[in-house]
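Comments concern the structure below.
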Amino acid sequence: MGIGIGILLLVIGLILLFAIKEFPASVQDVVDPGTVGWILVIAGVLSLVLALVMNNQRSKTTHVEERREM
């Protein structure tokens with residue numbers, strides 16, 4: 001799930017940065033779409049890195065089962 005969210009944030013951020021040239025004036029008065037795009041790109045990259053690190057740690061985990069005879 002983390003990898004998918006990271007990719008989604010990255011794609012939306014890149015669309016805001018490069019694909020959309022004109023925004024409505026009401027949107028540009030409130031926020032700068034370029035800044036929001038950069039924030040989403042950074043959040044997407046961090047999400048991807050964290051998801052990959054967590055998946056790597058999860059794959060290295062070993063489970064030990066101990067059985068005691070009664």
### All positions within region 1-36 that are within 21 Å of the chain's Cα centre (by Cα) and among the small types (Gly, Ala, Ser)
Gly2, Gly4, Gly6, Gly13, Ala19, Gly34
### Query
Which of the residues belonging to region 41-70 are within 30 Å of Val11 (Cα to Cα) and among the hydroxyl-bearing types (Ser, Thr, Tyr)?
Ser47, Ser59
### Query
Can you name the condition, by its number, that Arg68 falls short on among (1) under 13 Å from the mean Cα position of the chain (by Cα); (2) surrounded by fewer than 13 Cβ atoms within 10 Å (Cβ to Cβ); (3) at pLDDT 80 or above?
(1)
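The values are calculated or read from the model by the stated rules, or taken from the named source; none is laboratory data. Everything numeric here is computed off the predicted structure, so don't read it as measured data. We place every Cβ from the backbone using ideal geometry, glycine too, and count neighbours over all the protein chains shown.
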